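K.L.:
Have a look at the structure that comes next, please.
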Amino acid sequence: MNEIPITVNICERPYKLMVDPADEPLIREAARKINEGLRAYAQNYAFKDNQDLLSMVALQYTLNSLKNERGLAYRDRDLIEKLGQIDRTLSM
């Protein structure tokens, strides 16, 4: 694997990573979105330290991920059912 070194800043801390070049833009975008989430929570909610902000951002993104996974699973089941109906209709 041909990995490259990059540094991303999250919550004002640099993190050095070795990543696939194809993943670099996504990793940088993910770090940017995390930092945007941190700023939004910092402006709108009281917090003791950055750990509180990171926890809320992690919760937000995990919740969104779970919703997306469930939505995809529902669409997959719906698609399989509709394809079965089409197959049965064509088989008549």
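K.L.:
Restricting to segment 54-92, give me the number of residues that are more than 26 Å from Asn35 (Cα to Cα) and among the β-branched types (Val, Ile, Thr).
P.N.:
3
One line per residue, one yes/no per condition, for (1) among the polar types (S, T, N, Q); (2) in a helix (DSSP H, G or I):
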site	(1), (2)
Asn9	yes, no
Leu17	no, no
Ala22	no, yes
Ile27	no, yes
Ala30	no, yes
Leu38	no, yes
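K.L.:
Can you tell me which residues in segment 40-85 are closer than 21 Å to Arg13 by Cα, part of a loop (DSSP other than H, G, I, E, B) and aromatic (Phe, Trp, Tyr)?
P.N.:
Phe47
K.L.:
While we're on this one: Report yes if some residue within segment 73-81 is within 23 Å of the chain's Cα centre (by Cα) and either under 30 Å from Pro5 (Cα atoms) or of a type in the set (Ser, Thr, Tyr) (or both); otherwise report no.
P.N.:
Yes, the conditions are met somewhere in segment 73-81.
K.L.:
Taking segment 1-27 on its own, how many of its residues are within 20 Å of Tyr61 (Cβ to Cβ) and open to solvent by 100 Å² or more (accessible area, probe 1.4 Å)?
P.N.:
Adding up the residues that qualify gives 3.
The values are calculated or read from the model by the stated rules, or taken from the named source; none is laboratory data. Values in this document were obtained by computation on a predicted structure and should not be read as measured data. All Cβ positions, even for glycine, are placed from backbone atoms using ideal geometry, and neighbour counts span all protein chains on display. The area values use the complete protein model at the heavy-atom level, side chains included, leaving out ligands, DNA and RNA. Shrake-Rupley method; radii C 1.70, N 1.55, O 1.52, S 1.80 Å.
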